[in-house]
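Data block below; observations after.
The values are calculated or read from the model by the stated rules, or taken from the named source; none is laboratory data. This one's a predicted model, so the numbers in the text were calculated from it and none came from an experiment. Note that we place each Cβ from the backbone using ideal geometry, even for glycine, and neighbour counts take in every protein chain shown.
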Ligand SMILES: [Zn+2]
């Protein structure tokens, strides 16, 4: 039987950060990717969030506190004229034609590597703190300043402008879209310390994550949902579970049948998030850029065998012929932290003819594991 996807060239993207590439030297980095790692493209963070990262092979940074919520390419602020939300570039980017992004893009082009611009949208504590009126407002009126609310026109304008900016400036052939939606209440920034002593029910987590800002209430009203009533229900139900937990194995989406107004409120916000997503992908498409992960069907991580991968990929192709079966190689689990383990896992995907790979992430994974994956992908160790 012809397997169409096995005939297309294998695509392998490596998630990467500019601070690692600058450290390595863009040309040396690109050469290593092509020759030793079998990579065909770089998913480069161009608009990113905050964090505290361990960088195992950086020459001078080991425990690295990120400059929070900055962009890693020169921004065209004229594109953001219609929104009060503006990007802030990385302080180490540099000016002029030799800025760190431009040097990197030139090196990737010379090596024949595709650029995928990894873009973070609503998770932006810098903008949410500066403009709390556009941040998510919970049922009790507190603002989750780490999360911009995608129902707000200012945020939607920012998302459109950022997409246009990224597409024009980076000339990426694809984008990886991240957090173009609502974040959960505990998806907090690095400066936040969460103190919750109760074991929260998944339903409580959902209720605590809902946004009741004016824009969200308007979205609900347009869908015929009483948003203020849902806010009261959210508070009362949260407290009821706090007083007397009702453990349940049923998924939250099914349990919401008992709270139809809450379910309708969530459905209305999902519709407007999907519309924003469509706007962004349309802008990208105008620049000839595909949007990930939309076009990828993620296979299970850490598979036990090539046969297991083949079977899952076949099921995926049958159910979603438009999606590319995709392997996410993400060495981070405690029990799979050896080069031999990742060599085996990569081989299972390759033997199953998986056409698309993402490796997460250049700067976060030890050299020995990267090399083990690369040895399989380049055919040195099959
Ligand atoms: Zn909102």
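Some notes on this structure:
- Whether a residue is surrounded by fewer than 16 Cβ atoms within 10 Å (Cβ to Cβ), more than 16 Å from the ligand (Cβ to nearest atom) and under 20 Å from the mean Cα position of the chain (by Cα) was assessed, and residue 311 does not pass this test.
- Residue in the range 278-287 that is within 16 Å of the ligand (Cβ to nearest atom), surrounded by 13 or more Cβ atoms within 10 Å (Cβ to Cβ) and modelled with pLDDT of 95 or more present: no
- Exactly one residue out of 198, 161, 139, 172 is modelled with pLDDT of 95 or more, in a loop (DSSP other than H, G, I, E, B) and more than 16 Å from the ligand (Cβ to nearest atom): that is 172.
Residue-wise test of (1) touching a residue at least 60 places away in the same chain (Cβ under 8 Å); (2) more than 30 Å from residue 211 (Cα to Cα).
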residue	(1), (2)
92	yes, yes
97	no, yes
101	yes, yes
111	yes, yes
114	yes, yes
130	no, no
138	yes, no
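- Just one of the numbered conditions (1) within 13 Å of the ligand (Cβ to nearest atom); (2) farther than 18 Å from residue 79 by Cβ is not true of residue 153: (2).
- Matching option when the condition is in a helix (DSSP H, G or I) and within 16 Å of the ligand (Cβ to nearest atom), among 257, 267, 253, 263: 267
- Options 148, 127, 77; residue that is away from the ligand (no atom under 16 Å from the Cβ) and either more than 23 Å from the chain's Cα centre (by Cα) or farther than 22 Å from residue 286 by Cα (or both): 77
- Conditions (1) within 17 Å of the chain's Cα centre (by Cα); (2) more than 16 Å from the ligand (Cβ to nearest atom); (3) in a helix (DSSP H, G or I); number of the one not met by residue 186: (3)
- Candidate set: the range 201-232, residues that are in contact with a helix residue (DSSP H, G or I) (Cβ under 7 Å, 6 or more places away or on another chain) and farther than 21 Å from residue 152 by Cβ; chosen: the one farthest from the ligand (Cβ to nearest atom): 201
- Residue 321 passes every criterion in (1) surrounded by 15 or more Cβ atoms within 10 Å (Cβ to Cβ); (2) closer than 22 Å to residue 292 by Cα apart from (1).
- Evaluating residue 96 against the criteria (1) within 15 Å of the ligand (Cβ to nearest atom); (2) over 21 Å from the mean Cα position of the chain (by Cα); (3) at pLDDT below 95 leaves one unmet condition, (1).
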